[in-house]
C-alpha cells in the first residue's frame, strides 16, 4: 500500500508526527510518499509530486485547508483522503495526532468506510481553465470597499441581480465553512445540492438559495472593474484568479467525487454537535 502525505509546515507537531508515521509504516508494509515540502523534514527521504505518484490513499496532516488540498488531489486520482487534525477546528478530519498510528493501522487493514462528497468545477469565461473545488467557489472583492452587482442564472434562467460584497457557491461539504458564516444553511452531505449565498447583501429581499447539483450556475459581474486586482474568484479559499466585468463564472458539478475515508461510526449530526456545538448537543441538561 502506498500512502501519500500532504501537510502544513506551520504546525509545530508536524515534524514529530512525520517521524512517528515513518517508524510505523514499515511494520505495516506501507510505503509513504512525501510531497517535497514535507520530505526535507526527514533526513534522507525523497519528496515526490503526489500528482505523479501511484497512490492508494492520501493522508492529510494539518487543518481543514490542508485536507481540502489533499482532497482535490485525491478527487482527481479517484482515491480517498483521511485527515489528521493539527489545527483548531478540523471539521473534516477523522482523528487527532495522538491517534495517528492507530488510524494508519486501521486504514491499512481496510477498517474504514468511504464517504463520497460532491465537488464543483468552475470556469471563468467561455474558454478559460477549469478549477476543482471541494468546499466552494467565491466571487469577492480584492480589498476594495464597495458593493458589486452580480447577475445570477440557474440552467439559463435569470435568478436576479445581487448587490453584495460577493457571492459563494458551496457544496454540502462547504456549507459548514464560509457559506455558513455568511448566513447560508447547513446541508447534509448526502443531499445532492449546491448553496448560493450572497456575502453581506444590500437588500433584505436576497436570501441564500439551494439548487440541485445538476444545475449549471452562471454568475456575471455587471459593474466596471477598472483594476483586475479589485475582483477575484477563489477556489476553496486557496487558489485565486482575476475577474473582469461582463465575464461569466460558470459552476457545475464535477465529474469526480471527493472520497473521504471515515473511521468509526460518528454521524454527521454528532460531528456538528461536537465541533460546532450545533443545537447544544451533549451540552446542558435540564
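Any read-out appearing in this document is the output of simple, stated calculations on the displayed coordinates, not a laboratory observation. Small disclaimer: the values here were computed from a predicted structure and weren't measured. Don't worry about glycine lacking a Cβ; one is built from the backbone with ideal geometry, like all the others, and counts go over all protein chains shown.
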*Using 0.36 nm per residue of separation minus the Cα-Cα distance, give me the extension gain between residue 149 and residue 190 in nm, one decimal.*
11.5 nm
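So what's the projected area for the chain, the Cα convex hull averaged over all directions, in nm²?
Details: hull surface 68.6 nm².
The directionally averaged projection comes out at 17.1 nm².
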*asked:* Report for the chain the percent antiparallel among DSSP-assigned beta bridges with both residues inside it, nearest 5.
replied: 75
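Classify the range 1-79 as rounded, prolate or oblate from the Cα gyration tensor: take a ≥ b ≥ c as the square roots of its eigenvalues, call it rounded if a/c is under 1.5, otherwise prolate when a/b beats b/c and oblate if not.
Numbers: a/c = 1.58, a/b = 1.12, b/c = 1.41.
Oblate shape, in that a/c is at least 1.5 and b/c is the bigger or equal ratio.
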*Using alpha-carbon positions, what is the distance between the centroids of the range 217-248 and the range 82-96, in Å?*
31
*Using a simple spin-label model with points 7 Å from Cα along the Cα→Cβ vector, what separation in nm is obtained for residue 158 and residue 56?*
5.6
*residue 37-residue 16 FRET efficiency (beta carbon distance; Förster radius 22 Å; 0.05 resolution)*: 0.85
*asked:* For a Förster distance of 45 Å, can you work out the FRET efficiency between the beta-carbons of residue 27 and residue 181, rounded to the nearest 0.05?
replied: 0.60
_Modelling each spin label as a point 7 Å along the Cα-to-Cβ direction, I'd like the residue 278/residue 245 distance in nm, to one decimal._
4.2
*Per 5 Å bin from zero, what fraction in whole % of the C-alpha pairs of the range 120-253 is there, up to the bin with the longest pair?*
2, 11, 23, 26, 23, 11, 3, 0, 0
_Förster radius 45 Å - calculated FRET efficiency between residue 105 and residue 213, Cβ distance, rounded to 0.05_ = 0.80
*Can you put 31, 43 in order, fewest other beta carbons within 10 Å first?*
43, 31
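Can you tell me the equivalent ellipsoid semi-axes for the range 1-158? Use √(5λ) from the Cα gyration tensor, largest first, whole Å.
On the way: eigenvalues 230, 61, 47 Å².
Rounded to whole Å, the semi-axes are 34, 17, 15.
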_Quick check on the chain: helices-only [θ] at 222 nm, where DSSP H runs of length 4 and up contribute -39,500 (n - 2.57) each and the sum goes over total residues. Nearest 500, please._
-5500 deg cm²/dmol
